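Read-outs throughout are calculated quantities, based only on the coordinates presented, and are distinct from any laboratory measurement. Keep in mind it's a predicted model, so treat the numbers as computed, not measured. Heads up, the Cβs are rebuilt from the backbone with ideal geometry, glycines too, and the neighbour counts pull from every protein chain shown.
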Amino acid sequence: MKRVVIVGGGTGGTILANNLSGKLRKEIERGQVEIIVLEGSESHIYQPGNIDIAFRGAEPEAFRRPPTKLLRRGVKLLQQPAKHIDLENRAVTFDEKKLNYDYLVVATGSVAAPEAVPGLAEASLIFHRSQEEAMRVWEALSAFKRGRIVILTALPHKCPPSPVEAVFLTDELMRKRGVRQDVEVIYATPYTRAYPAHGIADVVEPEMEKREITVQTLFNIDRVDHQVRRIYSLEGEELAYDLLIAIPPHRGADVVVKSEIGVDEGWIPTDKHTLNIKGHDDAYAIGDATNIPISKSGVVAHLEAVTAAEAIASQIHGISNTYLYNGRINCPLELGGHRAVFVSGTYTRQPEGQKPSLTKYLMKRIFNRLYWTMLSGSLEPIFKMYLGPTYEVK
Ligand SMILES: Cc1cc2nc3c(=O)[nH]c(=O)nc-3n(C[C@H](O)[C@H](O)[C@H](O)COP(=O)(O)OP(=O)(O)OC[C@H]3O[C@@H](n4cnc5c(N)ncnc54)[C@H](O)[C@@H]3O)c2cc1C
């Protein structure tokens with residue numbers, strides 16, 4: 001019997017498990033294959049929903065479901081956090097038990113870590129971690145009447161569009177509340193422009209200028225002193241704030257750090273095409289957990305999951321194909337006023353500028369609803385048609 005162990009049942013892990021169970025249905029029924037997902041949390045959170053919670057006051061319940069409801073028949077769920085991953089001995093430890101595997105996929109995501117910057121955790125509100133914290137952002141913004149709001153981003157972090165969305169939606173909310181004339185909105189970013197991809201920066205920057213949003217570029221946070229409400233940068237600049245909303249630097253999951261299978265802040269060294277953990281052809285890493293230089297986003301986790309599922313299923317079927325992910329991304333970026341663009345590209349094609357549109361905004365809203373169905377894998381033919389090829393077969 002072959003055993004596939006997936007550590008992490010978030011976006012990537014769930015899509016991979018469901019996709020693989022479809023491809024290996026007969027083998028699972030005959031008892032020749034077992035797919036096990038280890039998930040440490042009781043709720044699967046649809047993280048883009050944190051934008052709606054923090055900047056629109058949406059109710060959090062719509063954006064979370066128990067993992068038991070999201071996995072197809074044929075996938076076994078262990079609601080346990082993995083404690084240790086041993087790539088040399090092909091084993092994952094949980095709750096003092098050891099689980100051997102034939103194939104491993106690590107899909108443990110990334111964690112916002114404000115504590116990595118002195119003073120940041122005490123000084124800032126964040127919407128990149130829990131739903132509760134996102135609700136606190138909404139409470140603070142709803143009560144804010146006068147002064148300076150700084151939205152600050154640090155690297156690395158998941159979802160490159162989200163800081164810019166936070167800026168536009170903060171501006172929009174202050175206008176709706178009729179206090180914008182008394183509120184300064186500042187966006188502080190380590191990049192040289194308001195968005196790292198120049199085609200998208202060309203769209204975002206004039207929109208920010210039109211709305212009198214100040215952009216402070218090349219601002220790499222060093223520390224925050226909440227007593228005097230000031231942020232200090234590595235470049236020697238300082239920025240005063242009344243309300244600080246931060247996208248803190250992120251790190252890999254604890255289990256990656258503790259198992260010593262990560263580099264830097266716990267990112268797994270991963271081949272950007274085959275998605276193998278480097279040096280291990282029976283182990284894969286997908287989604288935010290990898291060190292691949294690509295946006296940490298749900299769509300990447302999704303497309304990498306589909307690619308890794310093909311690779312594992314073909315090996316189990318005894319087919320010697322290699323599946324090579326092409327780095328496709330396709331993330332919505334909202335600019336307020338019910339308009340959005342899509343940040344799309346591949347490893348070899350940079351995202352291009354485009355006109356913000358209502359249609360793209362509506363596509364983003366519709367996707368919020370489709371997410372739960374998408375996890376099941378049943379919408380895969382539509383995604384294939386819309387996104388085009390996402391891997392090459394060799
Ligand atoms: C505010 C916000 C807005 C976003 N908007 C978008 C967007 O519009 N489009 C987009 O594509 N992406 C967006 N993203 C990013 C997207 O949500 C993530 O990139 C995506 O969820 C990554 O998927 P993943 O499977 O790698 O990790 P996750 O979905 O984070 O899943 C990781 C899972 O691993 C589990 N885990 C961790 N450690 C262990 C362990 N030891 N044992 C067992 N389980 C473990 C966790 O509990 C979690 O369920 C957004 C993110 C945020 C915060």
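Rounded if a/c is under 1.5, else prolate if a/b is larger than b/c, else oblate: which is the stretch 113-249, with a ≥ b ≥ c the root eigenvalues of its Cα gyration tensor? Rounded shape, in that the Cα axes give a/c under 1.5.
Separation of the alpha carbons by more than 32 angstrom is noted, of Lys23/Lys98; Lys26/Lys296; Lys83/Lys384; Lys98/Lys394, for Lys26/Lys296; Lys83/Lys384; Lys98/Lys394.
Protection proxy ranking for 63-72, 302-311, 8-17, 181-190, using the average of other Cβ atoms within 10 Å per residue and placing the highest first: 8-17, 302-311, 181-190, 63-72. In loop segments of the stretch 188-276 as defined by DSSP, the GluC sites (Glu not before Pro) with at most 16 further C-beta atoms inside 10 Å of their C-beta are Glu212, Glu235, Glu237, Glu260.
Counted over the stretch 113-249, the DSSP beta bridges are approximately 30% antiparallel.
By DSSP, the beta bridges lying fully in the chain are antiparallel in about 50 percent of cases. Rounded to the nearest 20, the Cβ-based charge dipole of the stretch 113-249 about its Cα centre (Lys and Arg +1, Asp and Glu -1) stands at 360 debye.
A DSSP coil position with no more than 12 other Cβ atoms inside 10 Å describes the following GluC sites (Glu not before Pro) in the stretch 74-163: Glu88, Glu96. Our summary of shape: the Cα atoms of the stretch 328-394 have principal axis extents of 44, 30, 14 Å, ordered from largest down, in whole angstrom.
Under the classification rounded if a/c is under 1.5, otherwise prolate if a/b is larger than b/c and oblate if not, where does the chain fall, given a ≥ b ≥ c as square roots of the Cα gyration tensor eigenvalues? Judged from the Cα gyration tensor, the chain comes out prolate (a/c at least 1.5, a/b above b/c).
Overall, the anisotropy analysis places the stretch 252-315 in the oblate class: the square-rooted eigenvalues a ≥ b ≥ c of its C-alpha gyration tensor yield a/c not less than 1.5, with a/b not exceeding b/c. The sum of -39500 (n - 2.57) across all DSSP H runs of n ≥ 4, divided by the residue count of the chain, sets its helix-only mean residue ellipticity at 222 nm to -9500 deg cm²/dmol.
Of the three principal axes defined by the Cα atoms of the stretch 80-155, the extents in descending order read 58, 22, 20 Å.
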